[in-house]
Amino acid sequence: MLSAIYRRTLAGLAAVALACAGVLLGAVPASAASIYAVVNTLGAVTDVGSLPWAVGQANADPGSTIEFDDVVSGTILITDLMVITESVTITGPGSTVLEIDAPGTVFEITPTTPTIDVLITGLSMTDSSGTVSACGIDAVETRLTLLDIVTHDFDCSGIYVQNGSLTATDVKSNSNGAGGIDFTGYDALDTLSLTRVEALDNGDGGIYAALTDGTATIDQVTTRGGVVFGFQLGGTGMTAAISNVRVENAGIAGFLVFADTGSTATVSGVFAGPAPGDPPTSGIGMVISSVDGSTVTATRMTASDNEAGGLEIIGDDATVTVSGSLFENNGVSGGCGCLGGGGGISINSGALGSGTDSTIAITGTRVLGNFAGSGAGISLGDFEGDSSLTISDSVISGNVADSSGGGFYAQDLGYGTATGQVAFVRTTLSSNEATTGAGVQIDGFSHTSSGAPQLLFDSSTVSGNIATGAVGGIFATKFVDSGGLGIVRMINTTVSGNSSAGPASGLATVATPGLSTDEMRTEVLHSTIASNTGDIGATFLGAQSVVFSHTIVADNPVGDLLVAIDDPSLFDIDHTLVEAPQSPAIPATGGNIVGVDPALGPLANNGGPTLTHLIAPSSAAYNAGNPAITGAPLYDQRGLARIYQTIDLGAVEWHPALAATGTKPEPEPGLVGLLFLFTGIALVAASRRFAL
């Protein structure tokens, strides 16, 4: 029986609670809920004191409580399956103390009136008989709360909830035939909360949830296995907060979020890949879909060693932001056949919709050592409407493509009259490999009437990429007449140390000869193209115009600059240093400097987020810019003031504060002293507080 101490404690707490309630509610009498005790491990409803008997009593007494006597432990073998029809609290002794073994679903919750409240704590559940379609808990129209629950080895899902709410804390649902947890909410009142939940080695997947106008809060969840998926959450009009999720060894896809019709989801701290010591997974690590006005914000994501790719982003009239994340060693060497084409991150074909607006941002993220047929680092499919993709403060390095775009590949960047943009800002693309376009390859793009570029490199570095064919660094082509001007713009950017076995080692843009002369324009502004090997550093061909200003093109061993466009009059160059031009001859007018070595420093950390070539005051590029320049960028590639005296040529402005490679200003002694002073004051205050 229940211990005397426990009963007295419970009675005392109840008395205090009732007294408080009387004060708060004007001393309105309150009736205590009934308590039904389980005192044996019998399994029939006719066995007085058994669990089935207690459930039957509670069904006739809504709002009552079922408790277990201290002597009840081990296993209860159920013979009469239990159906809960009314609100009830079932308080077990602990999931490691007592297990319920039923020949079917342990707790079926089917209310006689809509939406009851059921709380179950401290129990383990299983079905050793292997009954077909049996679940641990099967609930409809219920606000279900689970604490310290274990469900395992059921043919169906361990926990199955429809048209209700589920709050699960310290729950394990493992080795079930269908899934660990299966939840479907139908309206705004249906909520899902999972905290410290484990779903391992289930059949179809670990955790599946779908909401309509509901709310989901997920924290500290682990799944392993699943033929189809590890963790999947989707909804229409939902609000979701997902954090600290680890998905291991999933089948087709590990972690999936589908945000539809005005949904908002925040995701942080997610891992998808194999368990430690296991081989790579055969599926894709993560899928994020955001459509129809939805927003997904994801940070601290890690996807590694997934053979079908790291992350697939699907966006249509939506916003997706990925930050502070790592996508590493995904795909299969020699071309992965990834679901969306990219080894690290794929934005799949048509993902940004037909003529709709989506904003995709990848920031502070590392994409390293991935493999694919094309776009081994990041791959972008058809890019339509007013959509945009911005990759900022990121590193895309060591990725290997079997054909095109080792670091980044895009097919049809803008379709028809699309006005969107792909921008690389303060980003490094280095040591990627491909047959062509080892750093970046763009196969076709559209135009905009705004004058904004479709492809932008801003304060970025493209270095050390290796092409076994053409173009080691950046390769952009336009083969179709889109009826308007498409712009490639490079500003405050360094292209260095790339190599190719075919034409163009550093930068090449090509517009098909015979297109309208206003179809394409390449602008290289305040940039440095240097030390690219295998072929000419920068090459421009076909029906386009080319603009160079305040740029250095030098130290490319085979030659620095080749401009072979249909209309040579559309080549505009001023205040640019070209050490070894190929064709045409660069006029030594308009501030241009020809045939002179700019004495560049090595590619190194000269401050700022990316590597650069530093010039010295002795360089011909120092103070060689237009003294009357207007519209210059405010900052150089490092983020320092663009104009120190007279503007310099190249991506870096010489500053005395960073005159030597890698040096950085130290804190002033006075500031350090103030920091110590304030720290001491805080410590004294804290010691007095805790001494009270």
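The values are calculated or read from the model by the stated rules, or taken from the named source; none is laboratory data. Because the structure is a prediction, the values reported are computed rather than measured. Here Cβ is always computed from backbone atoms with ideal geometry, including for glycine, and neighbour counts include all displayed protein chains. Calculation scope for accessible area: heavy atoms of the full protein, side chains included, ligands and nucleic acids excluded. Shrake-Rupley method; radii C 1.70, N 1.55, O 1.52, S 1.80 Å.
Among 145-157, 170-182, what's the highest-first ranking by average C-beta atoms within 10 angstrom per residue?
Values: 145-157: 22.8, 170-182: 24.5.
Ranked by mean Cβ neighbours within 10 Å, highest first: 170-182, 145-157.
Within the range 478-494, what residues put their amide N at less than 11 Å from the label point 7 Å along the Cα-to-Cβ vector of SER583?
The answer is none.
If you build the convex hull over the alpha carbons only and average its shadow over all orientations, what do you get for the range 419-538? Give it in nm² to one decimal.
Numbers: hull surface 26.0 nm².
Its average projected convex-hull area is 6.5 nm².
At q = 0.17 Å⁻¹, what is the base-10 log of I(q)/I(0) for the range 84-170 according to the Debye formula with one equal point scatterer per Cα and no solvent? Please give it to two decimals.
Values, matching the q order: -0.63.
Tell me the carbon and sulfur percent of the accessible area for the range 122-258, rounded to whole percent, probe radius 1.4 Å.
Within the range 122-258, the accessible surface is 51 percent carbon and sulfur.
How charged is the neighbourhood of ALA44? Take every other residue with its Cβ under 15 Å from the Cβ of ALA44, and add Lys/Arg as +1 and Asp/Glu as -1. Walk me through the intermediate numbers first.
On the way: positive: none; negative: ASP47, ASP80, ASP101.
Local charge sum for ALA44: -3.
Relative contact order, percent, of the range 473-614 when contacts are C-alpha pairs under 8 Å separated by at least 6 residues? Present the calculation step by step, with values, prior to reporting the outcome.
On the way: 402 pairs, mean separation 26.1, N = 142.
With pairs under 8 Å counted, the relative contact order is 18 percent.
Given a cut-off of under 8 Å on Cα pairs at least six residues apart, what relative contact order in percent is computed for the range 63-116?
Relative contact order, the range 63-116: 44 percent.
Would you please state which residues of the range 516-533 a label at VAL558 would reach in this model, taking the label point 7 Å out along Cα→Cβ and a backbone N cut-off of under 11 Å?
Zone members listed by number: 532-533.
In the chain, what % of DSSP beta bridges are antiparallel (nearest 5)?
Details: 3 of 245 bridges.
Around 0 percent antiparallel, to the nearest 5.
What does the charge dipole of the range 248-313 about its Cα centre add up to, to the nearest 20 debye, if the Cβ of each Lys and Arg holds +1 and the Cβ of each Asp and Glu holds -1?
On the way: 1 positive and 7 negative charges, 38 e Å.
That gives a dipole near 180 debye.
Work out the length of the dipole vector of the chain about its Cα centre, built from +1 on the beta-carbon of each Lys and Arg and -1 on the beta-carbon of each Asp and Glu, and round it to the nearest 20 debye. Working shown, then result.
On the way: 18 positive and 64 negative charges, 410 e Å.
Once rounded to the nearest 20, the dipole reads 1980 debye.
Below 8 Å, C-alpha to C-alpha, sequence gap of six or more: please give me the relative contact order for the chain in percent.
Values: 2407 pairs, mean separation 29.6, N = 692.
Taking the mean separation of contacting Cα pairs over the length of the chain, I get 4 percent.
Grab the DSSP H runs of the chain that are 4 residues or longer, score each as -39,500 (n - 2.57), total them, divide by all residues and round the 222 nm result to the nearest 500 deg cm²/dmol. Provide the component values of the computation, followed by the final result.
Details: 3 runs with 53 residues, N = 692.
Helix contribution divided over all residues of the chain: -2500 deg cm²/dmol.
Once whole DSSP H runs in the chain are found, which of them have Cα atoms spread over 15 Å or more along the helix axis and a mean Kyte-Doolittle score of at least -1.0?
On the way: long enough: 4-24 (30 Å, 1.50); 669-691 (33 Å, 1.49).
Those that clear 15 Å and a mean of -1.0 are 4-24, 669-691.
Using unit Cβ charges (K, R positive; D, E negative) and no other charged atoms, how large, in debye to the nearest 20, is the dipole of the range 111-205 about its Cα centre?
Details: 3 positive and 14 negative charges, 36 e Å.
With only Lys, Arg, Asp and Glu charged at Cβ, the dipole is about 180 debye.
On a full-extension model of 0.36 nm per residue, what is the gain between PHE479 and ALA33, subtracting their alpha-carbon distance, rounded to one decimal in nm? Please list the in-between numbers first.
Details: separation 446, 0.36 × 446 = 160.56 nm, distance 7.75 nm.
That works out to 152.8 nm of additional length.
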